[in-house]
1. Does M225 meet the test of being closer than 29 Å to F21 by Cβ and either among the acidic types (D, E) or within 16 Å of ligand 1 (Cβ to nearest atom) (or both)?
2. If you go through region 156-168 one residue at a time, do you hit one that is among the β-branched types (V, I, T), within 26 Å of D291 (Cβ to Cβ) and either within 16 Å of ligand 2 (Cβ to nearest atom) or open to solvent by 10 Å² or more (accessible area, probe 1.4 Å) (or both)?
3. Which count do you get for residues in region 270-280 that are within 16 Å of ligand 1 (Cβ to nearest atom) and under 25 Å from L326 (Cβ atoms)?
4. List the number of the failed condition for K114; all other conditions in (1) free of Cβ contacts under 8 Å to residues at least 24 places away in the same chain; (2) part of a loop (DSSP other than H, G, I, E, B); (3) within 16 Å of ligand 2 (Cβ to nearest atom) hold.
5. I'd like to check something: does region 264-272 contain any residue that is closer than 23 Å to V24 by Cβ and surrounded by fewer than 23 Cβ atoms within 10 Å (Cβ to Cβ)?
6. Can you tell me how many residues in region 312-340 are part of a loop (DSSP other than H, G, I, E, B), within 15 Å of ligand 2 (Cβ to nearest atom) and of a type outside the set (S, T, Y)?
7. Of all residues in region 249-263, how many are open to solvent by 30 Å² or more (accessible area, probe 1.4 Å), in contact with a strand residue (DSSP E or B) (Cβ under 7 Å, 6 or more places away or on another chain) and within 16 Å of ligand 1 (Cβ to nearest atom)?
Amino acid sequence: MNAPLKILTIFGTRPEAIKMFPLVHALEADERFCSRVCVTGQHRGMLDQVLEIAGIVPHHDLDLMQPDQTLDGLTASLLTAIGTVLDEEQPDWVVVQGDTATAMSGALAAYYRKIPVAHVEAGLRSGNIHHPWPEEVNRKIIGSMAGLHFAPTKTAQAALLRENVAPETVHVTGNTVIDALHWITARIDRQPGLAANLAPLEKRFAGKRIIGVTSHRRENFGDGMENIAEAIRQLAARGDVAMIFPVHLNPNVRQVMNQELGGLENVALIEPLDYPHFARLIAISTLMLTDSGGVQEEAPALGKPVLVMRETTERPEGVEAGTALLVGTDATRIAAQANRLLDDASAYAAMARAHNPFGDGRTSARILDLLAR
Ligand code: UD1
Ligand code: UDP
């Protein structure tokens with residue numbers, strides 16, 4: 001048998017960790033590979049929540065997060081610190097996920113050393129370099145360097161082929177987020193206590209319909225965040241709904257939300273939830289209001305309508321299937337669309353269909369077979 005391939009996975013934020021842990025589990029269990037893990041600590045608390053539930057102990061933790069970090073400061077420190085790890089590890093492949101500063105810097109540091117890069121969740125494109133910002137460009141930069149592109153859907157594959165990426169390097173694998181969702185759902189089934197901490201809120205809001213809310217996008221800072229807060233305030237005027245909003249640790253989000261929404265009786269501003277509790281939040285919600293990428297994939301998979309508070313999306317599949325709706329960041333429009341779903345049972349039923357263009361839960365296995373080739 002050949003020597004195992006040394007695979008270094010690099011990730012640093014909450015969504016990357018959620019979408020990489022199934023792959024790390026699979027790599028660890030497969031003797032074709034020697035799995036090494038580097039976390040950058042671009043996020044700290046929100047990354048650690050995922051590492052803990054997934055039982056991953058990284059070989060390298062660069063612990064780079066700074067309060068209110070800037071894109072250039074963060075990128076500069078990522079690039080040099082990851083470079084040092086690559087020099088030490090000398091992996092056969094580097095695997096990065098998505099579109100964060102960590103993913104882009106990890107790919108670039110590997111490219112500078114002629115180490116091949118495999119890109120998980122490749123080919124998502126909004127077509128607008130300012131939405132999502134800076135993720136659209138990060139993802140394109142990684143795409144220009146990767147030797148293997150794991151596109152979650154045919155739409156993503158087509159985007160890469162339009163950019164003249166070599167077709168034999170592009171593979172439609174599904175998205176590992178569905179692997180993660182299956183894994184966490186099975187864990188909660190076995191151990192319901194893992195997702196039990198929302199019970200007091202569920203009790204407090206008994207009889208009301210729950211709306212799950214998340215918001216964190218950099219392009220929404222300022223007016224966008226104010227508008228999102230205003231939409232929530234308008235919806236809170238209804239007596240029959242309650243909003244549960246785990247607030248992202250970014251100070252630009254927390255400051256606005258605490259100031260605008262603190263003290264409203266039927267809005268619970270809570271700390272970021274760990275993954276089992278967030279899965280529970282989706283499950284108990286009537287609908288999700290979000291600007292998150294991952295939530296746009298998870299909510300449709302769980303049959304929950306999702307109103308996407310963004311101007312464009314690089315994940316058109318949910319919108320095309322009718323389970324997600326782009327509502328932008330205008331307060332009146334967000335509230336009007338939410339009210340429509342709350343008041344019109346047929347409009348709600350049309351959106352509340354489980355639909356899963358993002359995978360079947362076997363994406364990691366496919367990726368491993370492609371890496372092993
Ligand atoms: C980052 C990613 C974004 C991704 C998002 C997921 C980039 C450029 N942005 O955005 O693509 O959608 O993560 O959440 O890579 N903070 C904490 N603790 C944490 C996490 C963040 O305190 O666990 C605070 C810190 O003050 C930090 C700030 O949030 O400086 C911003 O973090 P950063 O990773 O730069 O940006 P995000 O907005 O989280
Ligand atoms: N998530 C979580 N706890 C929360 C909010 C979100 O575990 O309080 C999960 C969610 O299930 C999804 C991911 O975090 O898998 C999305 O991360 P985020 O919105 O921070 O980033 P994005 O997906 O927009 O890059």
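1. For M225, the condition - closer than 29 Å to F21 by Cβ and either among the acidic types (D, E) or within 16 Å of ligand 1 (Cβ to nearest atom) (or both) - is not met.
2. Looking through region 156-168, none of the residues is among the β-branched types (V, I, T), within 26 Å of D291 (Cβ to Cβ) and either within 16 Å of ligand 2 (Cβ to nearest atom) or open to solvent by 10 Å² or more (accessible area, probe 1.4 Å) (or both).
3. Final tally of qualifying residues: 3.
4. Every listed condition holds for K114 apart from (3).
5. Yes; the residues of region 264-272 include at least one that is closer than 23 Å to V24 by Cβ and surrounded by fewer than 23 Cβ atoms within 10 Å (Cβ to Cβ).
6. Adding up the residues that qualify gives 2.
7. Matching residues across region 249-263 total 1.
Okay, residues lined up against (1) under 24 Å from F221 (Cβ atoms); (2) open to solvent by less than 10 Å² (accessible area, probe 1.4 Å):
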site: S77; (1), (2): yes, no
site: V95; (1), (2): no, yes
site: S105; (1), (2): yes, yes
site: I115; (1), (2): no, no
site: I129; (1), (2): yes, no
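The values are calculated or read from the model by the stated rules, or taken from the named source; none is laboratory data. All figures in this text were calculated on a predicted structure; none of them were measured in a lab. Here Cβ is always computed from backbone atoms with ideal geometry, including for glycine, and neighbour counts include all displayed protein chains. Ligands, DNA and RNA are excluded from the accessible area calculation, which covers all protein heavy atoms including side chains. Shrake-Rupley method; radii C 1.70, N 1.55, O 1.52, S 1.80 Å.
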